[in-house]
1. Pull up region 1-21, narrow it to residues that are of a type in the set (Gly, Ala, Ser) and assigned to a strand (DSSP E or B), then point me to the one that is modelled with the lowest pLDDT.
2. Taking region 25-52 on its own, how many of its residues are within 21 Å of the chain's Cα centre (by Cα) and of a type outside the set (Gly, Ala, Ser)?
3. Where residues in region 238-260 are of a type outside the set (A, V, I, L, M) and closer than 24 Å to Gly276 by Cα, which of them is surrounded by the most Cβ atoms within 10 Å (Cβ to Cβ)?
4. Say we look at region 89-110 and pick out the residues that are of a type in the set (A, V, I, L, M) and either under 12 Å from Ala166 (Cα atoms) or surrounded by 24 or more Cβ atoms within 10 Å (Cβ to Cβ) (or both); which of these is farthest from the chain's Cα centre (by Cα)?
5. From the list Val151, Val145, exactly one residue is without any contact (Cβ under 8 Å) to a residue 60 or more places away in the chain, under 30 Å from Thr107 (Cβ atoms), of a type outside the set (Asp, Glu) and not assigned by TED's automatic domain parsing to the domain that holds Thr286. Which is it?
6. Pick from region 111-167 the residues that are under 15 Å from the mean Cα position of the chain (by Cα) and in a helix (DSSP H, G or I): which of them is surrounded by the fewest Cβ atoms within 10 Å (Cβ to Cβ)?
Amino acid sequence: MSTPAVGFIGLGNMGSAMATRLLDAGFDVTVYNRSPGKADAVVARGATVAATVAQACAGDVVFTMLANDEAVEAVVTGDAGVLATMREGATHVSASTISAALSKRLTAAHAAAGQQFITSTVLGRPEAASAGKLFVLAAGPAEAVEPLIPVLDALGQRTFRVSDVASVGNVVKLSANFLLANVIESLSEAVALVSKAGVDRADYIDIITSTLFSAPAYQTYGGLIAREEFEPAGFAARLGLKDIRFVLAAAEELEVPLPIASLLRDRFLTLLAAGGGDLDWSAISTLAQRDAGL
């Protein structure tokens, strides 16, 4: 394949950063967002703005980077959606964190339309996307994935070839978010413990991340928890709840008990019930503080 023309649908924090990376790598990118104003910054960097989904689907490949299953289905289905307007042989690359069940449905629908479907979920927050530090999880048939490796490589520091089955990429991504939620909850409880003993939270995070837990997840979320820096959200709590629900759904289908995931679902539900759905998902740390009487 020659240098592909790329469509990009969904210009939230992650989508905008990813589309900009593709532009910086020299790809011809056409962008679409339901709220047109969000395209301005990317257009200023050289992207072409599409007035419709169909215009974004005119090239060889179209990415979707949207918040949830409902948003993806709204863009993909219908007379003016991706399925109806993408040419035969073109590839839909789903970067969204969607359910494995939807990924399977999209695989079948695109195959029936003579199109290709792969997933390229990513690991990393928006700041990592802007810096080209994402990790890309590519899943789908080799004949669809391999020609697009240069495009996927432009998005981050490494592309992992996960599976020939697109939906498996979603399961891997969801499992990673499940682990991150575990990190946030366990850090939250540990910080509440030492805080009640009189230890400064920032000092404690410095100790932990300088010794036993130096991984980026502990450094990033430990810092957010210590500083109570929950706005603006890098990843909103309501999206965290969505992903934990998807993890539980995949686990039920595969008959894999995930007892901690059930606890995390309730933690996120509690935060949302208190009005914290738009806070960063690390704000579940406030529940541990509250439970400790702090």
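The values are calculated or read from the model by the stated rules, or taken from the named source; none is laboratory data. None of these values were measured; they are calculated from a predicted model. Neighbour counts run over all protein chains shown; Cβ positions are idealised from the backbone, glycine included.
1. The selected residue is Ala5.
2. Selection size over region 25-52: 8.
3. Gly240
4. Ala108
5. Only one candidate passes the filter, namely Val145.
6. Glu127
Rundown of residues vs (1) out of contact with any Gly (no Cβ under 9 Å at 6 or more places or on another chain); (2) not small (Gly, Ala, Ser), yes/no style:
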| site | (1), (2) |
| --- | --- |
| Val171 | yes, yes |
| Tyr221 | yes, yes |
| Ala237 | no, no |
| Ala251 | yes, no |
